[in-house]
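The values are calculated or read from the model by the stated rules, or taken from the named source; none is laboratory data. Only a predicted model underlies this, so the values are computations on that prediction, with no experimental measurement involved. Here the Cβ positions follow ideal geometry from the backbone for every residue, glycine too, while neighbour counts run over all protein chains shown. These area figures cover heavy atoms from the full protein model, side chains too; ligands, DNA and RNA do not enter into them. Shrake-Rupley method; radii C 1.70, N 1.55, O 1.52, S 1.80 Å.
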Amino acid sequence: MAQFELRCIECGGTYDMSRPAYACSRCGNLLEVRLDIDISKERLAKAKHLGKPISVWRYRELIPVERESRVFSLNEGGTPLFKCARLGEKLGLKNLSIKFDGSNPTGSFKDRGMTVGITKAKELGMKVVTCASTGNTSASLAAYAGLADLKCVVLIPEGKVALGKLAQAMMHGAIVVSVRGNFDQALEIVMKSSEKLGMYVLNSVNPFRIEGQKTAAYEICDQLGGKSPDYLYIPVGNGGNSAAYWKGFAEYEALGAVSSHPVIRGIQSEGAAPVAHMFETGSKELVPVKKPDTVATAIRIGNPANWKKTVKAIKESGGHASTVSDDEILRAQESMARLEGIFAEPAGAAALAGLIKDLQLGKIDRDADIVCVSTGHGLKDPDVAIAHCTKPKTIEPSVEALGKLLEAD
Ligand code: F0G
């Protein structure tokens, strides 16, 4: 009996892991890796994983790569879980923490998935990797493809990728293709062309990416001393990361590493909220947003490829998806930076914005253990930060001028 199985999320059809596959050839739904709990438990116990440094690869026994494979790593994961006392006090919360995945090697959570995805790409013998991206996936993929000596082709929506992310993809040597359209259209081209052009897709439709990203949930439980939080707030764009977190929490509970799981609160921007809309209306089908728009360009997505996975995940956790405005996102971004010293990009502040909104609506128990996931670093998007803040003040080069300025301030 194998420890891992690649299965369709809807019809349960199984697939060979030694070939590139993303969707079920029978029903068209996405694939996911399923763990055999007994085998995994035994392997994990033998590995004594808690004695190893905290990182994605601390959990190697729960990640479906071949035992003999060379792992392509930049030391991803092991990101801080900041206990946010000042922010907590301001919001009237006793136990608020932020999981800052912006401190990954390329500045976003994507690295967790990419170290596994690229390791898999090499196992499969692929030579070219590709993705469509709102920016972070392309930055991460470009870095890991360089490390593994793979050709990298990234498709980005023209004019809608934050400056830092674009600089990363270019510097790491990707072929950067700007598409006159949005992310959803770019992803459609990637999915339609990958097989014909021999490219391995490393968007979150790739089941192995999710296997890397789920480790963030294991880490949170370990960082809380073998306990799950009560609530997890997380931004939802294409829907992969929220599904990955849920997979991680559910697996860790099934493995007996923790005795409960959190309620997942998925947060979307008002201008790009097809998943939240499903929860509001009770609809069973996603209605794509044709022209998504938000200051949080990372989650400017109208037709999330993983919508079925994330809706299932949020529902299984007993959670809900809701929206925040751009203004709420920018205010949360500023609070994190000023009160806790955490500089997140706008999408990386959406979860906190969602929590603040829930508090205002009286939806959350103030004694609960709450974790907000901050997904990307603020330096990724300097333009938004500079536009939002007070401009620098200019003075003549003298002590008097400085004194006068500070007096007036
Ligand atoms: N936060 C950040 C900073 C992101 O870059 C993304 C997605 C998300 C949240 C949403 O995660 O898509 O798994 O629901 N960025 C992708 C990209 C789409 O291309 O970089 P999701």
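State the number of residues belonging to segment 46-85 that are of a type in the set (S, T, N, Q) and either under 26 Å from Asp16 (Cα atoms) or not in a loop (DSSP other than H, G, I, E, B) (or both).
2
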Sort through Val275, Val295, Val258, Val287 and tell me the only one that's open to solvent by less than 20 Å² (accessible area, probe 1.4 Å) and out of contact with any strand residue (DSSP E or B) (no Cβ under 7 Å at 6 or more places or on another chain).
-> Val258
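For every residue, the table says whether it meets (1) farther than 25 Å from Cys8 by Cα; (2) in contact with a Pro (Cβ under 6 Å, 6 or more places away or on another chain); (3) within 16 Å of the ligand (Cβ to nearest atom); (4) not aromatic (Phe, Trp, Tyr).
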{"position": "Leu197", "(1), (2), (3), (4)": "no, no, no, yes"}
{"position": "Asn206", "(1), (2), (3), (4)": "no, no, yes, yes"}
{"position": "Leu224", "(1), (2), (3), (4)": "yes, no, no, yes"}
{"position": "Leu232", "(1), (2), (3), (4)": "yes, yes, yes, yes"}
{"position": "Gly240", "(1), (2), (3), (4)": "no, no, yes, yes"}
{"position": "Ala254", "(1), (2), (3), (4)": "no, no, no, yes"}
From Ser194, Ser178, grab the single residue that is among the small types (Gly, Ala, Ser), open to solvent by less than 10 Å² (accessible area, probe 1.4 Å) and at pLDDT 95 or above.
-> Ser194
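Conditions (1) assigned to a loop (DSSP other than H, G, I, E, B); (2) more than 12 Å from the ligand (Cβ to nearest atom); (3) open to solvent by less than 10 Å² (accessible area, probe 1.4 Å); (4) touching a residue at least 40 places away in the same chain (Cβ under 8 Å), marked per residue:
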position	(1), (2), (3), (4)
Met114	no, no, yes, yes
Gly117	no, yes, yes, yes
Ala121	no, yes, yes, yes
Met126	yes, yes, no, yes
Only one residue in Ala145, Ala169, Ala139 is of a type outside the set (Phe, Trp, Tyr), more than 13 Å from the ligand (Cβ to nearest atom), closer than 21 Å to Tyr200 by Cβ and crowded, with 24+ Cβ neighbours inside 10 Å. Which one?
-> Ala145
Within segment 344-376, the count of residues that are surrounded by fewer than 20 Cβ atoms within 10 Å (Cβ to Cβ) and within 16 Å of the ligand (Cβ to nearest atom) comes to 0
Residues in segment 148-161 that are touching a residue at least 60 places away in the same chain (Cβ under 8 Å) and either open to solvent by less than 10 Å² (accessible area, probe 1.4 Å) or more than 13 Å from the ligand (Cβ to nearest atom) (or both): how many?
-> 2
